[in-house]
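Heads up: the structure comes next, in structure tokens.
The values are calculated or read from the model by the stated rules, or taken from the named source; none is laboratory data. Everything numeric in this text was worked out from a predicted model, so none of it was measured. Every residue, glycine among them, receives a Cβ derived from its backbone with ideal geometry; neighbour counts consider all protein chains shown. Accessible surface is based on the protein model in full, side chains and every heavy atom, while ligands, DNA and RNA are left aside. Shrake-Rupley method; radii C 1.70, N 1.55, O 1.52, S 1.80 Å.
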Amino acid sequence: MYCSNNLVTLVLVVLVAAAPSAHAIRRLRIVSPLQALTIWDPELSKNDSWRNRFLPKFKAGLQAEVDARKEFSAKASTESPAVQPDGSKDWAARAQAAERAKYTAQEKAAEAAYDKAVALVEMEQKQQSSLLAQLHKQNPNQYQFVGVVQPSDSVSAKSQKQPIVWYARKKPSNAKWSLRLLHVNKRAVVKDLFDQGHLDVFAKYRNTGKVDQETGTPIISREYKIRQRSIRNLWNFSPKHFFTDSSGMYWRERRVQPGLYTDGKTVYESSYRYMDGRNGMHKYSSFQEFVKSKSVEQKRKDKIFKRLKEDAPDIVLEEV
């Protein structure tokens, strides 16, 4: 955005060339910061995992519970009601108590059937694991090796010659693996640290002096720097904004200076919604109509054209 002191004319430049294409945005995916591939020791069974141990027990327990409920219902259907209607005053209360006792007995029977089936499958799994442990010898590896995959877009000579950096450590006695590949997504790690408030992102914009042929707007280049919040930068605290910002609330946007803005194609007039604390832009006219207007001095027009070509923007709206 560019500021003119006399007519309070501000010029807005929209970042065009440096922004990613729409096709790349559609392919944007959120990935895990750490992606690992672990090669387990050969003596471990393929089914020796928490998931593969739990699912058979859970399936057997549910089937036993269903069978127990069916058997209990079939047995109850052949029996006569526990409380016969005799016209007494407490007949309804006695019938309700009998139904409650019947329901409790059914739940206990289903729970006992579930526990019995789960215990049976668990015992079979332990016997199978002990048998496999006797057949396979213990892995003789005394170290665990971890390979860290280097990013493909790295320009360092070391990463190009050595795409995987290996590390080793003493293998713990209860460890079940000896080899692991680890891919660290640095962008996802930085995004996570930024969301937690440990990092700040600083942007610097520069006017290249070129114009986009399709839109006619100036092309702005950008450069980002990541800094850790610390006492050196006062944890991103600005005394200037603290005393000069009129928003009053942390969730209210800092008001943009009133005036006219343009991106080289359209002229906008700034507005501020006090109820929500949000800035806005309303279309004023096209840039060509604004330039042709006789109400604007030629000296002012030349200054605007010069700022569009040379000066860095005052406000940048990044299209992502």
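Only protein heavy atoms count here; on that basis, with a 1.4 Å probe, Asp192 has an accessible area of about 70 Å². Quick one: if you stick a label point 7 Å off each Cα along the C-beta vector at Ala188 and Arg51, how many nm between them? The answer from the label model is 1.6 nm. Within a straight-line Cα-Cα reach of under 22 Å, Lys225 can be paired with the following lysines, leaving aside sequence neighbours fewer than 8 residues apart in one chain: Lys186, Lys191, Lys204, Lys240. Within the assembled protein chains, the solvent-accessible surface assigned to Phe194 is about 100 Å², based on a 1.4 Å probe. Residue separation of Ser173 and Ala74 scaled by 0.36 nm, minus their Cα-Cα distance, works out to 30.3 nm of gained length.
Where does the charge balance sit around Tyr143 when Lys and Arg score +1, Asp and Glu -1, over other residues with C-beta under 11 Å from its C-beta? Write out the running numbers ahead of the final one.
Working: positive: Arg169, Lys170, Lys171; negative: none.
In short, +3.
Going by accessible surface with a 1.4 Å probe and the largest first, Thr78, Thr262 read Thr78, Thr262.
Under 19 Å of direct C-alpha separation, and excluding same-chain neighbours fewer than eight residues apart, Lys299 reaches these lysines: Lys309. A straight Cα-to-Cα reach below 16 Å connects Lys294 with the lysines Lys303, residues fewer than 8 places away in its own chain not being considered.
Any chance you could run the full-extension gain for Val149 through Met275? It's 0.36 nm times the residue separation minus the Cα-Cα distance, nm to one decimal. Write down the numbers at each step before the final one.
Working: separation 126, 0.36 × 126 = 45.36 nm, distance 5.07 nm.
Net length gain for the segment: 40.3 nm.
Solvent exposure of Tyr272, expressed as accessible area, is near 30 Å², computed with a probe of 1.4 Å over the protein chains only.
The largest accessible area among Arg169, Arg180 belongs to the first residue in Arg169, Arg180, and the rest follow in falling order (1.4 Å probe, all chains).
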